[in-house]
Ligand SMILES: [Zn+2]
Ligand SMILES: [Zn+2]
């Protein structure tokens, strides 16, 4: 089989042949049809996290394809089924969080393409509990980005506590944000899109936003207050300074939900939180069942990622397109 692997931190993607792997106990083999390129793939490509990451490694944790073979003790999946795998690559079932059903915070969690090889390949092995069924309405290249970007946004929104009719502001119109606007609208929220510059307003409206706020304007929090203040702000752009500037745009009891992963601290004063009883929260993607819910909701409501497709052979070019920020909005590798 063909894979695109990274042999050392900072190395290019090398497209080469490997033996097709066999699934072990509680594992399935997936014939990959499409794999999204996520910004977090930079961790493997540049060796940034975790310490001791083993190379060579095949990146890719936005995988859509078909079950090709199953190992022993697999009862849920059969060859031919359309499936996907995301960041959450499996859990142990026996640690304290697992015994409480909190699989995403498993202490022995396996991460796809970090602890095992991922989806920049024609075949991959996945743990049975990490596999999600893909609805027929979603072609593989459109399903793939929903396995990380999609579930992260969908799961954060549905667990944030906002109710139908509440005002939800989505900061950033990028890989996460363009999905966030669509989900917020389809979940029944009054949806405010926040992007840089006035020229994004048209796209934001097309994605379903009721209102648009130019986040490069100085008085971005005031602009949100003029629209009544946000019950929820979903911060998708990994820019801590811009995120911190949004807090005063929250209405009473409003919540800032952060999913744009930045290592920089937020600067928010206690007074900002006390006045109006505001909250700051974060959310970590989801399990395979969360991914399945995300895809079913997308099939039902018409939410789709905007994608640019590249063949697996062009993994270097595709990755550059993603990392440059030029992509509108998710880059997807296709295998056949
Ligand atoms: Zn990701
Ligand atoms: Zn566990």
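State yes or no: is residue 224 buried (at least 24 other Cβ atoms within 10 Å of the Cβ), over 22 Å from the mean Cα position of the chain (by Cα) and at pLDDT 95 or above? When the stated conditions are applied, residue 224 passes them. All conditions in (1) farther than 18 Å from residue 324 by Cα; (2) modelled with pLDDT of 95 or more hold for residue 50, with the sole exception of (2).
Taken over the stretch 83-103, the criterion of being outside any loop (DSSP other than H, G, I, E, B) and either within 16 Å of ligand 2 (Cβ to nearest atom) or surrounded by fewer than 19 Cβ atoms within 10 Å (Cβ to Cβ) (or both) is satisfied by 88, 89, 90, 96, 97, 98, 99, 103.
Within the bounds of the stretch 305-320, is there any residue that is at pLDDT below 95 and closer than 22 Å to residue 111 by Cα? The answer is no, given that none of the residues of the stretch 305-320 is at pLDDT below 95 and closer than 22 Å to residue 111 by Cα. Can you work out which of the residues in the stretch 304-315 that are under 21 Å from the mean Cα position of the chain (by Cα) and part of a helix (DSSP H, G or I) is surrounded by the most Cβ atoms within 10 Å (Cβ to Cβ)? In this case the residue turns out to be 315. The condition of being part of a loop (DSSP other than H, G, I, E, B) and surrounded by 19 or more Cβ atoms within 10 Å (Cβ to Cβ) holds for only one of 165, 180, 175, 161, that being 175. Does residue 298 satisfy the condition of being closer than 17 Å to residue 175 by Cα, in contact (Cβ under 8 Å) with a residue 40 or more places away in the chain, out of contact with any strand residue (DSSP E or B) (no Cβ under 8 Å at 6 or more places or on another chain) and surrounded by 13 or more Cβ atoms within 10 Å (Cβ to Cβ)? Criteria met by residue 298. For the residues 299, 198, the requirement of being farther than 25 Å from residue 132 by Cβ and either within 24 Å of the chain's Cα centre (by Cα) or modelled with pLDDT under 95 (or both) singles out 198. Filter the stretch 115-142 down to the residues that are within 16 Å of ligand 2 (Cβ to nearest atom) and either farther than 27 Å from residue 7 by Cβ or assigned to a loop (DSSP other than H, G, I, E, B) (or both) and list them by number. Passing the criteria: 115, 128, 129.
In summary, residue 219 fulfils each of the numbered conditions (1) within 24 Å of residue 278 (Cα to Cα); (2) at pLDDT below 95; (3) in contact with a strand residue (DSSP E or B) (Cβ under 7 Å, 6 or more places away or on another chain) with the single exception of condition (3). I'd like the full set of residues that are more than 19 Å from the chain's Cα centre (by Cα) and within 19 Å of residue 288 (Cα to Cα), limited to the stretch 28-68. Residues satisfying the conditions are 28, 29, 30, 31, 66, 67, 68. Of all residues in the stretch 60-76, one or more are in a loop (DSSP other than H, G, I, E, B), within 16 Å of ligand 1 (Cβ to nearest atom) and on the phi > 0 side of the Ramachandran plot.
The values are calculated or read from the model by the stated rules, or taken from the named source; none is laboratory data. Given the structure is predicted, the values throughout are model-derived calculations rather than measurements. Because the Cβ atoms are built from the backbone with ideal geometry, glycine has one as well, and the counts that use them run over all protein chains shown.
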